1. Yes or no: residue 172 closer than 25 Å to residue 57 by Cβ and assigned to a strand (DSSP E or B)?
2. In the stretch 63-74, how many residues are assigned to a strand (DSSP E or B) and surrounded by fewer than 17 Cβ atoms within 10 Å (Cβ to Cβ)?
3. Name the residues in the stretch 46-61 that are under 27 Å from residue 74 (Cα atoms) and open to solvent by 90 Å² or more (accessible area, probe 1.4 Å), would you?
4. Which numbered condition in (1) of a type outside the set (Asp, Glu); (2) surrounded by fewer than 21 Cβ atoms within 10 Å (Cβ to Cβ); (3) farther than 21 Å from residue 47 by Cα is the only one that residue 175 fails?
5. Quickly run through the stretch 46-71 and pick out the residues that are in contact with a Pro (Cβ under 7 Å, 6 or more places away or on another chain), among the hydrophobic types (A, V, I, L, M, F, W, C) and either modelled with pLDDT of 95 or more or at positive phi (or both).
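The values are calculated or read from the model by the stated rules, or taken from the named source; none is laboratory data. Values in this document were obtained by computation on a predicted structure and should not be read as measured data. For neighbour counting, all protein chains shown are included, and Cβ atoms are generated from backbone atoms with ideal geometry for every residue, glycine included. Side chains included, ligands, DNA and RNA excluded: accessible areas come from the protein's heavy atoms. Shrake-Rupley method; radii C 1.70, N 1.55, O 1.52, S 1.80 Å.
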Amino acid sequence: MKKIIALAVCFIAIVALVSCGESKPTETDMKNETPATQSTSTENTGDVAMGNTYDCKYFTMTLADDWEAGPETFGMVNVLPKGKISPGLYFKFEGPNTAGTAEESIIGMIKTYNGTPMESTTIAGMEFMTTTYTYSNMFQVMHVAYRDSTKITITLEGEGVRDLPEIKAMLESVVLK
């Protein structure tokens, strides 16, 4: 289990390093590259068996049965099915000195990884900017928002992850602190 958590933390660190190295888009880039946003939100998930409550200094959430959250480490929390490394739900909190906007972060991911057009997604009552892309042959959905100068990134990873009832139910249960 420690190896799985270590691999997941390494994966998130690599993604973070890649995104940190991006140059900020200019206002012209943003006007030319920013697609029209569309509003989406998580849907009712029906009969998903929910288990324990996970609580850290950044958020609380109810975990789906047979899922577990790793400890909060350097502002990151990995939520995975027990004994597996995919699909996954990854939380990252950076700040308060993180510069930029959610839109700039998503535009960078769109450019770097040929992501889908930016969407607006509501999670925990907050508007997140969202794109989907493939990184290391793995499908990913990245959500980014800023609150009180803290950058909040929620990444879903794995084929079909966006439609998994467990993921939807867990995202609906998130309460940011």
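1. Taking the combined requirement at face value, the residue does not satisfy it.
2. 1
3. Listed by number, the residues that qualify are 52, 53, 55, 57.
4. Every listed condition holds for residue 175 apart from (3).
5. Listed by number, the list holds a single entry, 67.
Per-residue answers, yes or no, for (1) at pLDDT 95 or above; (2) open to solvent by 20 Å² or more (accessible area, probe 1.4 Å); (3) under 12 Å from the mean Cα position of the chain (by Cα):
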{"position": "76", "(1), (2), (3)": "yes, yes, yes"}
{"position": "94", "(1), (2), (3)": "no, yes, no"}
{"position": "97", "(1), (2), (3)": "no, yes, no"}
{"position": "109", "(1), (2), (3)": "no, no, no"}
{"position": "137", "(1), (2), (3)": "no, yes, no"}
{"position": "149", "(1), (2), (3)": "no, yes, no"}
{"position": "156", "(1), (2), (3)": "yes, no, yes"}
{"position": "159", "(1), (2), (3)": "no, yes, no"}
